[in-house]
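Comments concern the structure below.
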Amino acid sequence: MANDHEQLVQQIADQVIAALRARGATPAPGNAPGRAPQSPAPIHPPVGVCTGDYSKFTELQTTRPLTTPRQTTSRSPQRNAVGVPPITHPSSPTPQAPTPALKGFVTAHQLEAAIKAAPDGVATLAADARLTPLAADFARHHPAKVRRASQQSHNPTNLAHNHATTSAPWLWWADAHCPAVQSLTADHRDRLRPATAPRTDVGLVEVVSDLARLVAQRRVQGGLLFVRSAARPICYANRCKNLRAVVGTCAETVDEAVRELGANVLVIEYPYISPATMSDLLERMLAQTPDLPANVARHLTDLHCR
C-alpha cells in the first residue's frame with residue numbers, strides 16, 4: 001500500500017516538473033534529486049500604463065504585431081504618464097448680446113415678450129419710447145423688470161454737456177435716518193446739497209418752503225425728499241407755483257414725469273423701495289434739466305387763477 005502512495009506522489013512530481021520545464025522554469029535544488037538545475041526565467045519590471053504601444057516590450061514583438069498609439073480625439077482625452085487625464089479649465093462663457101431696446105409705442109404684450117427673451121429677464125426701453133396704459137401699469141407693478149436706456153449713457157459728450165448746464169445742486173431732505181439714503185446721498189455729494197430743516201412735520205413744511213424759494217432764485221435745480229409716506233410731501237410741494245413733485249415708484253414714473261411735466265421734485269418712499277431701485281430713480285432725476293413744457297405752464301396758470 002505504501003508503494004502505491006510513493007508511486008502516485010512520484011507521478012505527480014514528474015508532471016509538475018514537466019509543466020515547469022515547458023514554461024522555462026525549474027524547481028529549486030533539492031526538490032528533484034539527480035536533475036540538473038536551470039537558470040530562472042528573466043523577470044521584467046513594469047514599464048507603466050499600457051497605451052497600446054508594444055514597441056517597448058521586445059519579448060512580445062514575435063507574438064503581437066507592432067501597433068501605433070491610438071490617436072486622441074475629443075471624446076477620448078489624452079492621458080499623462082501616470083494615466084490621469086490632464087486638468088482642463090472650463091472656458092469662460094460666451095457673452096450674450098444684449099436684447100435691442102423697444103422703441104415707439106410699447107404694449108404690455110411686447111414688454112412681457114421682451115422680458116422672456118432678455119438674458120437677465122429685464123426689458124429695455126429706448127429713451128424716447130412711450131408705453132400704452134396697460135404697459136405703464138405693468139411697469140409700475142414690476143419696476144425691477146423694466147428699465148429705460150438713458151441717452152446720456154450712450155453719448156459721453158451729451159452727458160458732459162448736461163452736467164455743465166445743470167451745475168446747480170439738488171436739495172435733499174429725509175424725515176428720518178436711513179442707512180440706504182445716507183449711503184446714496186454720500187455717493188452723489190457733488191450734486192446734492194443737504195437741507196437744514198429738522199426731521200419733523202414742521203421741518204417738512206420748512207424744507208418745501210426753502211425749496212420753492214431756492215428754485216425761484218435758480219440756486220438749486222430741484223429737490224429730493226426721502227419720506228416714509230408721500231401723501232403730505234406731494235400735497236405741500238405741489239401747492240407751490242414753481243414746484244412740480246412726483247412720487248418715484250419706478251423708473252417709468254420718473255421718466256414720464258420729467259418728460260411730460262418737467263418735474264423738479266422727486267419724493268421717494270424709502271421703506272418700500274430697494275436701494276438699487278432708489279439709486280436708479282435718483283440718477284435718472286439728476287441726469288435731466290427740469291424744463292416746464294409750455295402747454296403745462298398754461299394749464300397750471302389757469303388752475304392757479306381759480
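Any read-out appearing in this document is the output of simple, stated calculations on the displayed coordinates, not a laboratory observation. Nothing here was measured: the structure is a model prediction, and the numbers come from that model. Cβ sites come from the backbone with ideal geometry, for glycine too, and all protein chains shown count toward neighbours.
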Env charge @ Ala136, Cβ radius under 10 Å, K,R +1 / D,E -1, value -1
Net charge near Ala149 (other residues with Cβ under 12 Å of its Cβ; Lys, Arg +1; Asp, Glu -1) is +2
If amide H atoms are modeled at 1.01 Å from N in the peptide plane, then the residues at a separation of 5 or more from Arg130, or on another chain, having amide H under 5 Å from its own are Gly104, Phe105, Val106
Checked the stretch 98-155 against the a/c 1.5 cut and the a/b vs b/c comparison, axes a ≥ b ≥ c from its Cα gyration tensor; verdict oblate
For the stretch 224-306, shape from the Cα gyration tensor axes a ≥ b ≥ c, cut at a/c of 1.5 then a/b versus b/c, turns out oblate
Ser274 and Arg23 label points (each 7 Å along its Cα→Cβ direction) are spaced in nm at 7.5
Note, the stretch 12-21: 3J(HN,Hα) by Karplus (6.51, -1.76, 1.60, θ = phi - 60°), whole Hz, Gly/Pro = x, goes 5, 5, 5, 5, 5, 5, 4, 5, 5, 5
